[in-house]
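The values are calculated or read from the model by the stated rules, or taken from the named source; none is laboratory data. Bear in mind that the values here come from a model prediction, so they are computed numbers and not experimental data. Here the Cβ positions follow ideal geometry from the backbone for every residue, glycine too, while neighbour counts run over all protein chains shown. In case anyone asks, the SASA skips ligands and DNA or RNA and just uses the protein heavy atoms, side chains included. Shrake-Rupley method; radii C 1.70, N 1.55, O 1.52, S 1.80 Å.
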Amino acid sequence: MQTEKKDIRALTKEQLRDFFVANGDKAFRGNQVYEWLWSKNAHSFDDMTNVAKSTRQMLEDNFVINHIHVDQMQQSSDGTVKNAVRLHDGLVVESVLIPTETRTTACVSSQVGCSLDCNFCATARLKRMRNLNPDEIFDQVAAIDAESRFYHNRPLSNIVFMGMGEPLMNYNNVIKAIDKITSPEGLGMSPKRITVSTSGLPKMIKKLADDDVRFKLAVSLHSAIDEVRSRIMPFSENFPLADLRESLEYWYKKTKSRVTYEYVVWKGINDRKVDIDALVKFCKYVPCKVNLIEYNPIDDGEFQQADPEVIDAYIKALERNDIVAKVRRSRGKDIDAACGQLANKNEAAGV
Ligand code: SAH
């Protein structure tokens, strides 16, 4: 009976070195292959041109490389590119390249689908199928880095975990992927240029702080009033704002890293003065900045972007209280690549 071959990228460098020694080769060969897998982005053993053919065959007999495949690339009129990414088991996730004058940002997925139930998000309508492996997250970043070099003649500069899924519900794999992305043996990116966005899971935010991570944290707040927040993000009923606040205070005490709050203002939901006052109050607990995100409509009309005057009122109130606030315009809307629009619309297969 044939046993299933192991994904070679699940091995650490040491394990790979041990494998070669156990097979009568030099430990150094492990370093060489590791470099192919992680910094040279090899899709197959045949790519490893400085490794002997017999050795490549031996690897082929023992392992697989479960590399992602970019099935489809869609380009928006504003230069944003959306990749439909096929995983080794046929499931599909999406990742996005967002270019501006000065930077290229990769927006990557951490899960296939999502188990949370934010009413305004298209991904929430897909069942959570599974977590992504560290290498599947890494590959999305490497693919966008290559696209950035090709289309914009510059490497990727920033990464946001704002694609499909809740990164802190796939904690270990997200941390492992970031370790690889920031390692000189991977892409060598600075953790300061990476932002993990969470719907706000207090225990996991504390765990991040305890693990002494160096990347930035964004929290999808959307309301600083419990009743409103649990209406639009029903799961948050189990995670009251008092707990979220406490976890963020803990985060700041340990990391000294300012938190970003993501916030969409909707008509008839969080467009009152009490909503603004509650946000201002919440923003005083830890040093922070607020990104007011433009709403990207998903199919039904339940949610509508608030009037510009209300957004202005938010900005003025925040600024009066010395809180940095920015309005973030949507990118890639015409190809359903904007925040909350990732739902594998162009894929019948997968999720
Ligand atoms: N699960 C993580 C990351 C994915 S969502 C999180 O909740 O943070 C990335 C961001 O897009 C979040 O701030 C989310 O609240 C926001 N978002 C979701 N749907 C949206 C929509 N339709 N329009 C605008 N922003 C949306």
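Just the ratio, please: alpha-carbon radius of gyration of region 185-326 over 2.2 N^0.38 Å, N its number of residues.
Computed over Cα atoms of region 185-326, the ratio equals 1.07.
Could you state the per residue volume, in Å³, of the convex hull enclosing the Cα atoms of region 285-351?
133
Residues of the chain: accessible area per residue at 1.4 Å, in Å²?
46
Hey, any idea what Rg/Rh is for the chain, computing Rh the Kirkwood way over Cα pairs?
In the chain, Rg relative to Rh is 1.01.
Under 19 Å between alpha carbons, and skipping anything fewer than 8 positions from Lys40 in its own chain: which aspartates and glutamates qualify?
Asp7, Glu14, Glu60, Asp135, Glu136, Asp139, Asp145, Glu147, Asp179, Glu185
In whole angstrom, and with the biggest value first, how far do the Cα coordinates of region 135-249 range along each principal axis?
47, 29, 21
How much of the accessible area of region 118-262, in percent, comes from carbon and sulfur atoms when a 1.4 Å probe is used?
Accessible surface attributable to carbon and sulfur in region 118-262 totals 49 percent.
Among all the aspartates and glutamates, which ones have a C-alpha under 19 Å from Lys253's C-alpha, if same-chain residues fewer than 8 places away are not counted?
Candidates past the 8-residue exclusion: Asp210, Asp211, Asp212, Asp243.
P(r) for region 58-125: what percent of alpha-carbon pairs falls in each 5 Å bin, starting at zero?
The percentages, shortest bin first, are 3, 14, 17, 19, 17, 14, 7, 4, 3, 1, 0.
Which of the peptides 25-38, 87-100 is most tightly packed, and how do the rest follow, judged by the mean count of other Cβ atoms within 10 Å per residue?
87-100, 25-38
Near Lys26, which lysines are there with a Cα under 19 Å away, not counting those fewer than 8 places off in the same chain?
Answer for Lys26, where 19 Å is the Cα cut-off: Lys13, Lys53, listed by chain and number.
Show me the ranking of peptides 4-11, 231-238 by mean Cβ neighbours inside 10 Å, starting with the highest.
231-238, 4-11
Counting only C-alpha contacts under 8 Å and six or more residues apart, can you give the relative contact order of the chain as a whole percent?
Normalised by residue count, the contact order of the chain is 15 percent.
If you average the alpha carbon positions of region 9-41 and of region 69-83, how far apart do those two centres end up, in angstrom?
Value for the Cα centre distance between the two parts: 34 Å.
Going down the list Lys82/Lys203; Lys203/Lys284; Lys267/Lys333; Lys254/Lys284; Lys82/Lys254, which pairs span over 29 Å between their C-alpha atoms?
Checking Cα-Cα distances, Lys82/Lys203; Lys82/Lys254 exceed 29 Å.
If pairing requires two Cys Cβ atoms under 4.7 Å apart, which cysteines of the chain are left without a partner?
Cys107, Cys114, Cys283, Cys288, Cys339 - these cysteines have no disulfide-compatible partner (Cβ-Cβ under 4.7 Å) in the chain.
When N counts the residues of region 1-125, how does its alpha-carbon radius of gyration compare numerically with 2.2 N^0.38 Å, as a ratio?
Here the answer is 1.37, to two decimals.
Where does the chain land at 222 nm, in deg cm²/dmol rounded to the nearest 500, when only DSSP H runs of n ≥ 4 count, each adding -39500 (n - 2.57), divided by all residues?
One gets -10500 deg cm²/dmol as the mean residue ellipticity at 222 nm.
Gaussian network model of the chain, Cα springs within a sub-10 Å range: biggest mean-square fluctuation belongs to which of Asp61, Asp135, Asp212?
Asp61
For the chain, give the share of DSSP beta bridges that are antiparallel, in percent and rounded to the nearest 5; count only bridges with both residues there.
Roughly 45 percent of the DSSP beta bridges within the chain come out antiparallel.
For region 6-64, just run the numbers: alpha carbon Rg, then divide by 2.2 N^0.38 Å, N being how many residues it has.
That ratio works out to 0.97.
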